[in-house]
Amino acid sequence: MCYGCTCVHSLVYKSRWKKRKNVEHSVTHTLMSCFNPPCLKVTYSQKMLESEAYQRAVAARRPVYAEFGTRAYPDPNKGFLHRMFSTLVPTDLTDNNVTAMYRIENEVFAASETCFVHSINPETLDKKERVDFNKIAGTMFLSAHPLADADGTVWNIGSSMLTGCKYHVVKIKPTGSGKAADALKEAKVVATISSTWKTCMSYFHTFAMTENYIIFVEQPLLINCMKLAQIGIKGKALKDTFEWTPTEKNRIYIIEKDTGNVIKTKFITEDPCFVLHNINAFEREEQIVLDIIAYPNPSCLEKFTLTALRQNEFNNNDLSQTYRYVIPLVRFVVDITEDENLITIPEFEGSAVRRGDAVVLKPQSMAEPGLELPTINPRYTGRHHRFFYASGTFDTGYYKNAACKMDIETGKMALYKTGSRTEYCGEPTFIPKPDINTDEDDGVVLIPVSSGDITKPDYLAILDSKSFQELARAEFDTKFVQCLHGTFVPLL
């Protein structure tokens, strides 16, 4: 698997705008830019993120930091002692922020899953500063998906290993200055959880939260810290330190935002699963509803290895599942009768029952298998949501060449089909109407579509979020690389 150096994207390249019938919205936004008729202009630009990993790789003409799926090679520009130290002490982590972009205060950051992030100028895409969360919060790894409260407080979860394998809940409270540097000075760890395993810690890409709680899923895909310490010596990638242990279950931790207290009740899933993305979570009747995208195992990480791609192989087994868990906020397990369903939400088809010293959770399936890259109206983060949007990405099953809108209450689904078997949908981005007194699904959904046919253009599809019908599209005179996760930045 080869994850190359980061390319930061913004929708500044001349494009052809094609109107579609029944265009009703007077304002349509693009990623990191906005457009007001009659201008009818969408632009696209991209620029390499000049991280230290990128600069050293260019100088050495080889990758010198271990990436997620790419091994590191000795840096010929460094002495023997430096190379030996960096292979023995696993703190020389990559800052190749290939995964996501998000906002703290009024600034935009590019991130991956290590402690390093970069602030980015959203207009020029130039790198501004590198931020080290190991210095700020003592975390070596960090989720690529921080979440923000309505007041601008940003939450994230990181992990560390040098003093034992631990997870840390990080809180970044806004200062009102609009400057991320001021908020980061006030960042603090509000909770620390020891890993279930002494020499391993769970791999995690994201987490969830409600208005009052942080929800962290410790899953049985483990990072073996002993292997991590040797990746430089043995020439391994970060992914090579993973160990899948299906005899273990997923454990779900509930942390109180106000106090940092971790609810002591042991919540575990009935079956193990691999989770990349949470959809959302919210509170209802002294219960937490958690919606996630889950896989029966992490074999999906092998789909895009260079070996498989060069052999034109694409494994469509073990597709993702869309699950809803309901977690009762039980404080004292001993007071609960065994095997009694604790869920009081009548329409929920799963269960939560006490078995021994744990509450075992069984999910409800909500959609056909095969969805990924879920998103919701960002105003509903941590709140009761009805709709979510997701992509079929490159899978060849039910959602082939499509994206979808899911109505959880009715179970109905709307599909957006690209119209070509060579076109693939990326991550949907929901942009609500500026008026806050609107319906949850009132806005537009942006979907980047890339074509495997070099004679056909890549384009940005703009969909009405209620009908999920295409309003317009912007076709580009250049090919763009599908990103993993982006962010919408309204430029005033």
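The values are calculated or read from the model by the stated rules, or taken from the named source; none is laboratory data. Nothing here was measured: the structure is a model prediction, and the numbers come from that model. Heads up, the Cβs are rebuilt from the backbone with ideal geometry, glycines too, and the neighbour counts pull from every protein chain shown. Keep in mind that these areas ignore ligands, DNA and RNA; they rest on the heavy atoms of the full protein, side chains included. Shrake-Rupley method; radii C 1.70, N 1.55, O 1.52, S 1.80 Å.
Points worth noting:
- Helices (runs of 4 or more DSSP H) within segment 165-269 that include 1 or more residues open to solvent by less than 20 Å² (accessible area, probe 1.4 Å): 180-185, 225-228
- Residue tally, condition assigned to a loop (DSSP other than H, G, I, E, B), at pLDDT below 90 and among the hydrophobic types (A, V, I, L, M, F, W, C), over segment 34-63: 3
- Residues (open to solvent by 10 Å² or more (accessible area, probe 1.4 Å), within 18 Å of Y203 (Cα to Cα) and in contact with an Asp or Glu (Cβ under 9 Å, 6 or more places away or on another chain)) located in segment 115-152: F116, F141
- Every residue from segment 469-480 that is assigned to a loop (DSSP other than H, G, I, E, B) and surrounded by fewer than 18 Cβ atoms within 10 Å (Cβ to Cβ): Q469, D477, T478, K479
- Close pairs (7 angstrom Cβ cut-off, 6 or more residues apart or separate chains): within 22 Å of T307 (Cβ to Cβ) in segment 58-73, surrounded by fewer than 16 Cβ atoms within 10 Å (Cβ to Cβ) and not polar (S, T, N, Q) anywhere: G69/C2; T70/C2; R71/G235; Y73/R62
- Of all residues in segment 95-111, those satisfying the criterion of being part of a loop (DSSP other than H, G, I, E, B) and open to solvent by 10 Å² or more (accessible area, probe 1.4 Å) are V98, T99, E105, N106.
- Residue selected from segment 284-333 under the condition β-branched (V, I, T) and outside any strand (DSSP E or B), by the criterion nearest to Y389 (Cα to Cα): T305
- Any chance N401 is over 21 Å from R324 (Cα atoms) and open to solvent by less than 20 Å² (accessible area, probe 1.4 Å): yes
- Considering only residues in segment 65-92 that are within 19 Å of D132 (Cα to Cα) and assigned to a loop (DSSP other than H, G, I, E, B), the one that is modelled with the lowest pLDDT turns out to be P90.
- Subset of segment 376-395 that is of a type in the set (V, I, T) and crowded, with 20+ Cβ neighbours inside 10 Å - its residue that is nearest to A208 (Cα to Cα): I376
- Condition check for G370: outside any strand (DSSP E or B), over 21 Å from I288 (Cβ atoms) and open to solvent by 20 Å² or more (accessible area, probe 1.4 Å): no
- The residues of segment 429-458 that are surrounded by 21 or more Cβ atoms within 10 Å (Cβ to Cβ) and over 23 Å from the mean Cα position of the chain (by Cα) amount to a single one, D458.
Here's the yes/no breakdown for (1) closer than 23 Å to F204 by Cα; (2) of a type in the set (S, T, Y); (3) out of contact with any Pro (no Cβ under 6 Å at 6 or more places or on another chain):
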{"position": "V154", "(1), (2), (3)": "yes, no, no"}
{"position": "I157", "(1), (2), (3)": "yes, no, yes"}
{"position": "T163", "(1), (2), (3)": "yes, yes, yes"}
{"position": "K171", "(1), (2), (3)": "yes, no, yes"}
{"position": "K185", "(1), (2), (3)": "no, no, yes"}
